[in-house]
Amino acid sequence: MSRRLRVVLKVSVWAACLVPAAKLAYGWWTDDLTANPISYITNELGQTTLRLLLLSLALTPLRILFGWGWQMTLRRLLGLFAFFYVCLHLSVWVVLDHFFDWREMGGDIAKRPYITVGMLGFTLLLPLAATSTTGMIKRLGAARWRRLHRLVYAAAGAGCLHFIWLAKKVRPEPWVYAAILAVLLGIRAWDAARRFGRRRADLLGSSRMDSTVGPASRPGARLLILLVVLLAGCASVTSRAPGLAVPTREVLPNGVVVISQEHRASDVVAVQLWLRVGGRDEAPAELGLSHYLEHMLFKGTPTRPPGSIDAELEGLGGNSNAFTSYDFTHYDVVVPVSGLRAAAALLADIAVNAAFVPAELESEKKVVFEEMNLTEDDPERFLTRRLTEAAYVAHPYGRPILGTRELVRSLTRDTLNAYYTKHYVPGNMVLVVVGAVTPAEARAVAAETFGRLTGPAPVRPAAPPPKPLTTGAGEDVRRSEQQAYLALAWHAAPTGNTDIYAVDLLTYILGDGPSSRLNQVLREQRGIVQTIEASYIPRQVSGLVSVTARLDPRQLDAAEAAVREVIGRVREQGVTPAERERAIITAESTYAFDIETAEGLARNYGQAETTWTLRDEVEYLKRLREVTAEQIRNAARTYLGDGNYVRVRFLPEGAR
């Protein structure tokens, strides 16, 4: 190869190696690093390190199989770029993840095996990078230098193991990298054995073997080419929405739905009980009872006195949580896998045998009152509540989930128990088990615990559709804060409606992050708001799109007009392909973050089963990717008009 060609080749490799860094820099500049930028950057830098490291290790096998030598001058260059990217990868962890908290980082290295192995790989690369100069090669001598640099295989192995340990079985890329490394090592071992055989044959007087591969070895060459193609393919495989096994769904004879999925990211299992009952099912005299049950169920049963449930969970090494919505109520337990049966038995017990000890019921009223105070004191939470009430006047979705102080204060055990026994029946229950267990194990435990429950058939009248909104509806609320708050809301597609995917992407484009339209126009260009965002809550009967902003009270009218202007432009002109693509990437990233844990994945499945269908949840990302720019525009035309929204404004007490 001529000197000029060698220069062109090296310049081309330099440019190619800088492309990943340039893409990340551009993403940072345009605020296009997904909804979880730290995780995204860390992943991209780590994968780039592995790709470059494996490419550098593939150069010698190429020479062995084909007799090529021109590529060997690139080995150090690729290795140094791999070291450059692993340093960036580590820097993100040190600076952005831990902000130089050395004690916390030391604890992570000692306690988390995947971090321990990753740090080992980085440590092995340090002497290799330090000795990758011509001067160090001369100082060490070629033979010693080559022996030292065989550590690169151990470093690459540690990198692959770090990635596998981190991703577990959820993603294919780490296994592809490991397979490529294994084949590269196999080729080197085969060559070493071949050369040993050649030397032995020489000692025995046999004819000298050729140093290149003959026709019989071409399958090995084809295998190497295939693996290099796989390595290049990994560079384009998205990691934002890893593929998941399909969950299993079964219905026990008593009506309890059981959803399970094996998810071995860690040796824990999430066991969740979901009820098809929530705030929308309450009569006017029952406001807040769904939420009050959420507080009371972990307080005890006839066989588990007050305090014993918390002690039992602590003994199992687990924790609990609960949540109430308009459409459902859910109870969440996360325990080591050995505690699966105990956790399921606990949830089955509280599902039908809650004791409602009078003393506990009375003391919990103070907790609920404090929760009401916290909601009213937080302007953003209270704004969301008042906006929901304004959007759903005379509709179950417009009622306060916490109830009213008067109803909570007068609540009796008999009233709460009557509501409980009416709605907490097997036909309303969904048990979700996600974690380091097989579906067969989960079903056996479900049958043994929840399968024994009995009760009448559930009765749940269909909720009526909300009344259409008209512009002008809304209210102004005086508050003690010095800044004003503006909230606008439109009725939108409910769960089960195929428009939900387009509406979802529409709200990402309008108000998710600094690059969204509302942020660019109202905050960056005109400076009339401090913060602004759009959100979409798809409930079973009616979805709600909202736009909320914090701003100077003098800008309230201008901000509302600007929001209408931005939305009107989407209705008239639509969205760009780049906006659509960015919204899909952000949605994928958000979804991947949500299902990263067994608890998060179980929560998605439980909410899907109680508000739409499990199949819809499993196919969510696929359907989201199929949405066109025109469908997003049509969603804006269908739901976000100038004459069908409500407004709530929080004004400082002294403002006019």
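Taken together, A436, A442 contain a single residue that is buried (at least 17 other Cβ atoms within 10 Å of the Cβ), touching a helix residue (DSSP H, G or I) at 6+ places or on another chain (Cβ under 9 Å), modelled with pLDDT under 95 and within 20 Å of P247 (Cα to Cα), which is A436.
Annotation: of all residues in the range 592-620 being at pLDDT below 90 and touching a helix residue (DSSP H, G or I) at 6+ places or on another chain (Cβ under 6 Å), the one that is surrounded by the fewest Cβ atoms within 10 Å (Cβ to Cβ) is D594. Against the conditions (1) surrounded by fewer than 21 Cβ atoms within 10 Å (Cβ to Cβ); (2) closer than 16 Å to I584 by Cα; (3) charged (D, E, K, R), D504 satisfies every one except (1).
Which residue, of L45, L74, is modelled with pLDDT of 85 or more, of a type outside the set (F, W, Y) and in contact with a helix residue (DSSP H, G or I) (Cβ under 9 Å, 6 or more places away or on another chain)?
Numbers: L74 fails: modelled with pLDDT of 85 or more.
Exactly one residue qualifies, and that residue is L45.
Of all the criteria given as (1) touching a strand residue (DSSP E or B) at 6+ places or on another chain (Cβ under 9 Å); (2) surrounded by fewer than 22 Cβ atoms within 10 Å (Cβ to Cβ), the one not satisfied by G278 is (2).
Looking at G398, G427, G403, G339 in this structure, which one is out of contact with any helix residue (DSSP H, G or I) (no Cβ under 8 Å at 6 or more places or on another chain), within 30 Å of N604 (Cβ to Cβ) and surrounded by 15 or more Cβ atoms within 10 Å (Cβ to Cβ)?
Numbers: G398 fails: out of contact with any helix residue (DSSP H, G or I) (no Cβ under 8 Å at 6 or more places or on another chain); G403 fails: out of contact with any helix residue (DSSP H, G or I) (no Cβ under 8 Å at 6 or more places or on another chain); G339 fails: out of contact with any helix residue (DSSP H, G or I) (no Cβ under 8 Å at 6 or more places or on another chain).
Step by step, each of G398, G427, G403, G339 is checked, and only G427 is out of contact with any helix residue (DSSP H, G or I) (no Cβ under 8 Å at 6 or more places or on another chain), within 30 Å of N604 (Cβ to Cβ) and surrounded by 15 or more Cβ atoms within 10 Å (Cβ to Cβ).
Suppose we filter Y326, Y331, Y292 for residues that are within 16 Å of A598 (Cα to Cα) and not aliphatic (A, V, I, L, M); which single one remains? Selected residue: Y331, the only one of Y326, Y331, Y292 that is within 16 Å of A598 (Cα to Cα) and not aliphatic (A, V, I, L, M).
Applying the criterion of being open to solvent by 30 Å² or more (accessible area, probe 1.4 Å), more than 30 Å from I595 (Cα to Cα) and not small (G, A, S) to the residues of the range 150-169, the residue that is modelled with the lowest pLDDT is R150.
Restricting the first member to the range 172-184 and to residues that are under 11 Å from Q47 (Cβ atoms), and the second to residues that are among the charged types (D, E, K, R) and surrounded by 22 or more Cβ atoms within 10 Å (Cβ to Cβ), no beta-carbon pair is closer than 6 Å while six or more apart or on different chains. Scanning the range 404-442 for residues that are in contact with a Phe, Trp or Tyr (Cβ under 7 Å, 6 or more places away or on another chain) and closer than 30 Å to A549 by Cα gives a single hit, R405. Scan the range 347-369 for residues that are open to solvent by 20 Å² or more (accessible area, probe 1.4 Å) and small (G, A, S) and the total you get is 3. Would you pick out the residues in the range 528-576 that are among the hydroxyl-bearing types (S, T, Y) and either assigned to a strand (DSSP E or B) or under 12 Å from A484 (Cβ atoms) (or both)? Hits for the range 528-576 are T531, S535, Y536, S546, T548. For the range 536-544, does any single residue satisfy the condition of being under 23 Å from the mean Cα position of the chain (by Cα) and hydrophobic (A, V, I, L, M, F, W, C)? Among the residues of the range 536-544, at least one is under 23 Å from the mean Cα position of the chain (by Cα) and hydrophobic (A, V, I, L, M, F, W, C), which makes the answer yes.
Select, from R656, R633, R637, R649, the only residue that is more than 25 Å from the chain's Cα centre (by Cα), more than 11 Å from A502 (Cα to Cα), surrounded by fewer than 19 Cβ atoms within 10 Å (Cβ to Cβ) and modelled with pLDDT of 95 or more. Full working, then the answer.
Working: R656 fails: modelled with pLDDT of 95 or more; R633 fails: more than 11 Å from A502 (Cα to Cα); R649 fails: surrounded by fewer than 19 Cβ atoms within 10 Å (Cβ to Cβ).
The match here is R637.
Of all the criteria given as (1) outside any strand (DSSP E or B); (2) under 21 Å from E362 (Cα atoms); (3) open to solvent by 10 Å² or more (accessible area, probe 1.4 Å), the one not satisfied by L293 is (3).
Listed conditions (1) β-branched (V, I, T); (2) over 17 Å from A283 (Cα atoms); (3) in contact with a helix residue (DSSP H, G or I) (Cβ under 7 Å, 6 or more places away or on another chain) are all met by T384, apart from (3). In summary, helices (runs of 4 or more DSSP H) completely within the range 577-630 and bearing 2 or more residues that are of a type in the set (V, I, T) occur at 577-594, 598-611. For the range 130-149, does any single residue satisfy the condition of being part of a helix (DSSP H, G or I), surrounded by 15 or more Cβ atoms within 10 Å (Cβ to Cβ) and under 33 Å from the mean Cα position of the chain (by Cα)? Scanning the range 130-149 turns up no residue that is part of a helix (DSSP H, G or I), surrounded by 15 or more Cβ atoms within 10 Å (Cβ to Cβ) and under 33 Å from the mean Cα position of the chain (by Cα). Looking at the range 370-381, is at least one residue on the phi < 0 side of the Ramachandran plot, in a loop (DSSP other than H, G, I, E, B) and either over 37 Å from the mean Cα position of the chain (by Cα) or loosely packed, with under 15 Cβ neighbours inside 10 Å (or both)? Among the residues of the range 370-381, at least one is on the phi < 0 side of the Ramachandran plot, in a loop (DSSP other than H, G, I, E, B) and either over 37 Å from the mean Cα position of the chain (by Cα) or loosely packed, with under 15 Cβ neighbours inside 10 Å (or both), which makes the answer yes.
Exactly one residue among P465, P461 is under 26 Å from T613 (Cα atoms), open to solvent by 40 Å² or more (accessible area, probe 1.4 Å), in a loop (DSSP other than H, G, I, E, B) and without any contact (Cβ under 8 Å) to a residue 12 or more places away in the chain, and that residue is P461. Inspection of the range 64-78 finds no residue satisfying the criterion of being among the polar types (S, T, N, Q), within 30 Å of A583 (Cα to Cα) and out of contact with any Ser or Thr (no Cβ under 6 Å at 6 or more places or on another chain).
Out of the range 314-347, which residues are of a type in the set (V, I, T) and in a helix (DSSP H, G or I)?
From the range 314-347, those of a type in the set (V, I, T) are 324, 329, 333-335, 337; that's our starting set.
Selection gives V337 alone.
Applying the selection to the range 526-535, what residues are over 25 Å from N604 (Cβ atoms) and within 26 Å of the chain's Cα centre (by Cα)? Show your work before the answer.
Just the residues of the range 526-535 that are over 25 Å from N604 (Cβ atoms), to begin with: 526-532.
If the condition is that a residue be over 25 Å from N604 (Cβ atoms) and within 26 Å of the chain's Cα centre (by Cα), then T531, I532 are the ones that fit.
Under 6 Å by Cβ, and 6 or more places apart or on different chains, what pairs join a residue from the range 73-95 that is hydroxyl-bearing (S, T, Y) with one that is open to solvent by less than 60 Å² (accessible area, probe 1.4 Å) and in a helix (DSSP H, G or I)? Correct list of pairs: Y85/L45; Y85/T48; Y85/T49.
The values are calculated or read from the model by the stated rules, or taken from the named source; none is laboratory data. Fair warning: this is a prediction, and the values are worked out from it, not measured in the lab. Cβ atoms come from the backbone with ideal geometry, glycine included; neighbour counts cover every protein chain shown. For the accessible areas, the whole protein counts, side chains as well, though only heavy atoms, and no ligand, DNA or RNA atoms are used. Shrake-Rupley method; radii C 1.70, N 1.55, O 1.52, S 1.80 Å.
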